[in-house]
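Colleague: Please read through the structure below; I'll follow up with questions.
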């Protein structure tokens, strides 16, 4: 994820058709190309899909009944009931329709992800399966200041115990407002209360702005991947279950374990490392 803003970009590239065209009439295209594909930033890119009537966060199609989304099926977590909520001073987060999300991506992602020309990575065409995936699995979030849409985030469960932030971006003009950090803190609270063990996302290794933000929120770097779709990505995990985090730290990590120190559990029985003051200051 890049830092939402200017965006801070999280996840992969854009979701969508060309700005100005009716999404329901848009030709098949990858959600990861705008049409010039934006590099993956935080999470995987949103895959292409038809947006006619599709809504995020548990909203039905034009008021019609529908199957529950995965967040509701797995955990009883209905974002429609949790939102809107404050996301930063003067900014709130609400459930978004796929059409709104795609229009924002088409208008801003290429610039925010600093996409220049054709992407070297694979652009997947829109399919019926992708449309169904976003209809049933994706939670779509919009950030607004008054009537102005200033950012979007796309996320979804990846299994019965894990939630994944796939993609997102905040306008450059709103980058310094702490929108993404506040949103992640909201996710920590809501997902934790519903028993979810981990929140995951990905970003390019060069996206230092996002890496720094994730570190400040106590995300652990848990892996890397190379793909024909997104290129090189670094995986980050924020454990919401202390026992799960302890297993990760004890089995795979050496040296200071600042996460335990922040929970008041010095791993050696000694006082927290002096560097812990830095971690505390940047985790608030």
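The values are calculated or read from the model by the stated rules, or taken from the named source; none is laboratory data. Keep in mind it's a predicted model, so treat the numbers as computed, not measured. Neighbour counts run over all protein chains shown; Cβ positions are idealised from the backbone, glycine included.
Colleague: Residues that are under 17 Å from residue 86 (Cβ atoms), surrounded by fewer than 16 Cβ atoms within 10 Å (Cβ to Cβ), at pLDDT 95 or above and over 13 Å from the mean Cα position of the chain (by Cα): does region 217-224 have at least one?
Modeller: Taking every residue of region 217-224 in turn, none turns out to be under 17 Å from residue 86 (Cβ atoms), surrounded by fewer than 16 Cβ atoms within 10 Å (Cβ to Cβ), at pLDDT 95 or above and over 13 Å from the mean Cα position of the chain (by Cα).
Colleague: Turning to a different aspect of this structure: With the requirement that a residue be farther than 17 Å from residue 239 by Cα and not in a helix (DSSP H, G or I), what does region 170-215 give you?
Modeller: 170, 171, 178, 203, 204, 205, 206, 207 - these are the residues of region 170-215 that are farther than 17 Å from residue 239 by Cα and not in a helix (DSSP H, G or I).
Colleague: Another question, then. Kindly check whether there is at least one residue in region 187-198 that is at pLDDT 95 or above, touching a strand residue (DSSP E or B) at 6+ places or on another chain (Cβ under 7 Å) and within 21 Å of residue 107 (Cβ to Cβ).
Modeller: no
Colleague: Which condition from (1) modelled with pLDDT under 95; (2) on the phi < 0 side of the Ramachandran plot is the one that residue 231 breaks?
Modeller: (2)
Colleague: Now a separate question. Among 115, 88, which is the only one that is surrounded by fewer than 21 Cβ atoms within 10 Å (Cβ to Cβ) and within 24 Å of residue 227 (Cβ to Cβ)? So that I can check it myself, show each step before the final result.
Modeller: On the way: 88 fails: within 24 Å of residue 227 (Cβ to Cβ).
After applying the criteria, what remains is 115.
Condition check ((1) in the same structural domain as residue 95 (by TED's automatic domain parsing); (2) within 14 Å of the chain's Cα centre (by Cα); (3) part of a strand (DSSP E or B)) across all residues:
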site: 117; (1), (2), (3): yes, no, no
site: 130; (1), (2), (3): yes, no, no
site: 144; (1), (2), (3): yes, no, yes
site: 156; (1), (2), (3): yes, yes, yes
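Colleague: Separate question: Could you check residue 96 against (1) modelled with pLDDT of 90 or more; (2) in contact with a strand residue (DSSP E or B) (Cβ under 7 Å, 6 or more places away or on another chain); (3) under 27 Å from residue 232 (Cα atoms) and say which number it fails?
Modeller: Going through (1) modelled with pLDDT of 90 or more; (2) in contact with a strand residue (DSSP E or B) (Cβ under 7 Å, 6 or more places away or on another chain); (3) under 27 Å from residue 232 (Cα atoms) one by one, residue 96 breaks only (3).
Colleague: Could you check residue 159 against (1) closer than 16 Å to residue 94 by Cβ; (2) without any contact (Cβ under 8 Å) to a residue 24 or more places away in the chain and say which number it fails?
Modeller: (1)
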